[in-house]
Each structure stands twice: as C-alpha cells, then as structure tokens.
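Enquirer: This is the structure, below, for whatever I ask next.
Derivation of every value follows stated rules applied to the coordinates shown; laboratory data play no part. Predicted model, so just to flag it, every value in this text is computed and none were measured. Cβ: placed from backbone, ideal geometry, glycine included. Neighbour counts: every protein chain shown.
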Amino acid sequence: MKFTKALQHTIGWKALNTILIFLINLLMVRILGATASGDFFYSITMLSFITLIISWSMESGITYYGSNQLDSIPSITFFILPWLLVQAMATWGVLYFLPVHIGRQLSWLYVVSNLVIIYFSALYYATKLFVSINVIICLANGFVLGGLGWIYTWFGNEDEKMLELVKGRIAQKPALSIHSISDGIDSQAFYFAVLVYFGGFLLQGLALAIVFFIKSKPNFTVIAFNPKLIRKIFIYSSIAFISNIVFFLVTRIDYFFVERYCSKIALSNYVQVSKMGQLLVLLPTIIAGVVFPYSSGVEDEAYLGKLQALCRIIGLLFLPLAIIIVVSGYWLFPWLFGAGFRSMYPSMLFYLPGFYFLSLVTLLAAYIAGRAMLTKNLVASGIALIVVIMGDMFLIPVWGINAAAAVSSGAYFLCMLYLLWIFKQHFGGRPKDFFALQLKDLQLLFRGIF
C-alpha cells in the first residue's frame, strides 16, 4: 500500500477508534467515580510500565526488519509464539512481587494480552496491513464500549446497584477482584466493569493473531529459524527499549509525584488531563506508526518533505482544538467527567503547549527511529526526563498538578528543540520548515493527497 493511501486509511479508522477510546474512558470514570478512577488508571499505568519492560521493545525490531525484509516475516512470526509463552510465564512470576491495586490474575491478563497486541501489531505494520489492524481494534473497542454502556445505563455508579449486579451475576470470584482501589469504596462494586475493560484487550489480541495467520497463510514446511535475524532484532530492540523506557518515564513519572504529594481527587483530575492530552497527540501517533515502516525502507529520503508538511498540518489542526478547550474547558470537563473534576481546567491550560510539542516529538522520533538513529531519541528523552524529575520534585509539593503540567510542557519543548537540531545536522531539515505554514499544506489537508 502506498504511503498516502496507508495514511488516509489509518487516520480514518483511528479517528473512529479515538471516539471509542474517549467514550470508554469517560464511562470508566463515571462508573468508578472521581476518587477511585485515579487509583485505577494509576494502576493501569504501572501495568503498562511492566508490559514495556517485559516486551523489551521487540516490536521496534520486528517492524524495522520486517518492513525491510518481507521474506523474513514467517520466521519472525514463529519466533514470537514461543517467546510469548516464555514472557507469559515470566509475567506471572514478576507480578507476585509487585504490589498493584488490581488482582494478580487480571494484571497477568492485561500484560499478556498487551504483549500479543504489541507483537502482532508490529507484524501488521511491517507488512503494511493498516486497514485490517484498525478494523479489528475498532471492533474490539466497540465491544468494550457496549458492555460499559450497558453497565452504566442500568446501574450507574451507585454502589448498592452495582453490588446487586455482582452478587446476582458474577459473585464468588474473589481471585479476579480488584484489591483496595480506593479507601471507603467497596472494590467488588466495580468488578464487572473492570472485567469488561480487561476483556477487551484479550479479545483484541486474539483477533489480531488469528486474522494475521489467516491473511499471511504461513507455510510450516518452509519456515526456518534465522538466528542471525533474531540477533539483529534483539540488538535493535535493546536500543529502542532503553529509549522507550526513558520516554515512558518522561510522560508518566509525573503520576508518581502527583500521587505522592497530592490528594486522590487531584490525582484523578491530573490523570484525566493526561488522557485528554493523549487524545490530542493521537493523530501524530497514528501518523508516526505509518512513517516508521516507510522511513526505514529504501525510499526513505523522499519522506522528509512529507514529514515536514505533516508537522505543519498538525500545528494547523491543533490550534482550533486548543482554542475550543480554552474557551469551553472550564464547564466542559465537570460536565463530562463529574463535579469532582473542576481542577482539570487550569492544569490543562498549562499542559496544552506541551501536548503540541509532544505531537511534533512523536513524528520526529518516528522518522529518526526509521533511520536507525535510536541513540538520538534516547538523548532527547534523557534531557526531558531530567527536567521532569527535577521540576516535579521541587514544584509539585508547592503548586500541585498545575506545576506538574507546566514542567512537562517545558520538558517536551526542550526535547523537540534537540530533535529539530538533529534534523538540521543530519538530514538538512531547517527548523522553520516544520512550522511555517504553506499554501500547499491547505491543499494537502483538504484534498488528502501528496
């Protein structure tokens, strides 16, 4: 599939998926409430970090070498299967020693399901099956949204009604319950909603694996283990792993400081600000997923100009969204999430510039990774991480979540500046070409063609 067509298909489906994810998050907040939702999503962040560590960023190496050597896809696929089995067993042992608010079985299900999603998504992107992967993800999220919508419609977030559901439909299953999500709230009251939420990841992973095998039709008789290729994947992924760990900490370590120094309500507000920001950065993330396999191909030089145009278009799209948030956020956030989320608005104002900077960082880093210059991304993330840790440590205890948002914005800005300098030094890309809007950008935006 050509770059332009792949981008169009991906953006269209991801736009639908964005709506689904937003509604899922909204329903979970409504069901859990302002106090418990912060602890829940904090626990999800911890499990995501565990997933990142166990995966070792193998998806980066799979996508890089798979997109360059399509004939290696069968060997990579059948390496993944035993590798997943080993990681699943390792995950069960790791979770025994890690205290999380969510039960061990559900935590294991979340991590393993996401490992399957990560690896097979990499295979889809390497083989450029963009439509298939997006359809599957949208269907899985639609299932989750339907389940949560039914729960909220009939039971809301009232403990007594939810307990009736638990006792009448799915009682006597303590092994899968949530442990101490929040003081003063019966954890079993939210069991069914959380089970649907986690079941969506399992459904998504299974569907991706099954459909990939059906579409790729691997031949068992001709597949040979390629230790040289696997070694290359491990080396590439190891470098990517370090960079991804640092970048994850850049975007999530502020949760730790907010959780330590602020109230549960403040944590819930800040988590939702961050998740709203993830929606704002979602389009660049989508584009980055397409840029990476194409920039690692033989025609990578041709995509620098397109990358610069995409960065300019991102700025054009971001501006009206930012204006809408500034004008309406004060009443919109409490209306959407509940009365306990009035602190979201000022924090969002401090974070808005950072989300724009992070959008550009996402695109720039994807191109650099496709050119096998992962150490440059690592340095950029390291600079941002130092700023976040130092700033959060000294400012959050005094100014709370507003300080966390402002510090993150500053860190993303410095990260972006460094990557722009890398582009100037190595690719001849002038910084202004990533910002100065051109007439052809409007044509690209409205016509959807390159």
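Enquirer: Using a Förster distance of 45 angstrom, determine the FRET efficiency expected from the C-beta separation of Arg260 and Asp71, and round it to 0.05. The partial results should precede the final answer.
Expert: Values: r = 51 Å, r/R0 = 1.13.
About 0.35, to the nearest 0.05.
Enquirer: Of Lys232/Lys275; Lys306/Lys424; Lys232/Lys306, which pairs sit farther than 24 Å apart, going by alpha carbon to alpha carbon? Write out the running numbers ahead of the final one.
Expert: Values: Lys232/Lys275 35 Å; Lys306/Lys424 16 Å; Lys232/Lys306 29 Å.
Going by Cα-Cα distance, Lys232/Lys275; Lys232/Lys306 fall outside the 24 Å limit.
Enquirer: By how many nm would the segment from Leu206 to Leu437 grow when fully extended, if each residue of separation counts as 0.36 nm and the alpha-carbon distance is taken off? Provide the component values of the computation, followed by the final result.
Expert: Working: separation 231, 0.36 × 231 = 83.16 nm, distance 4.30 nm.
Length gained, Leu206 through Leu437: 78.9 nm.
Enquirer: Do the alpha carbons of any pairs in Lys14/Lys128; Lys128/Lys376; Lys128/Lys215; Lys14/Lys228; Lys14/Lys376 sit beyond 24 Å of each other, and which pairs? Present the calculation step by step, with values, prior to reporting the outcome.
Expert: Details: Lys14/Lys128 15 Å; Lys128/Lys376 26 Å; Lys128/Lys215 12 Å; Lys14/Lys228 35 Å; Lys14/Lys376 28 Å.
Distance filter (> 24 Å) returns Lys128/Lys376; Lys14/Lys228; Lys14/Lys376.
Enquirer: Let me ask another. Figure the gain on full extension for Val327 and Leu414 (residue separation times 0.36 nm, minus the Cα-Cα span) and round it to one decimal in nm.
Expert: On the way: separation 87, 0.36 × 87 = 31.32 nm, distance 2.75 nm.
Using 0.36 nm per residue and subtracting the Cα-Cα distance, I get 28.6 nm.
Enquirer: Could you check the spin-label model distance between Met390 and Trp421? Points 7 Å from the Cα along Cα→Cβ, value in nm.
Expert: Between Met390 and Trp421, the simple spin-label model gives 1.4 nm.
Enquirer: Next question. I want to check the label-to-label distance for Arg430 and Leu317. Put each point 7 Å from Cα in the C-beta direction and report it in nm to one decimal.
Expert: Placing both labels 7 Å beyond Cα along the Cβ direction yields 2.6 nm.
Enquirer: For Ile102, which sequence-distant residues (separation of 5 or more, or a different chain) have an amide H within less than 5 Å of its own amide H, given hydrogens modelled in the peptide plane?
Expert: His179
Enquirer: Tyr152 to Met373: extension gain in nm, 0.36 nm per residue of separation minus the Cα-Cα distance? The partial results should precede the final answer.
Expert: Working: separation 221, 0.36 × 221 = 79.56 nm, distance 4.71 nm.
So the chain would gain 74.9 nm between Tyr152 and Met373.
Enquirer: In whole Hz, with x marking every Gly and Pro, tabulate ³J(HN,Hα) for the stretch 37-46 from phi via Karplus 6.51 cos²θ - 1.76 cosθ + 1.60, θ = phi - 60°.
Expert: So the Karplus estimates, Gly and Pro as x, are 5, x, 5, 4, 6, 5, 5, 4, 5, 4 Hz.
Enquirer: In 10 Å bins starting at zero, report the fraction of Cα pairs in the stretch 93-138 per bin as a rounded %.
Expert: 24, 38, 23, 16
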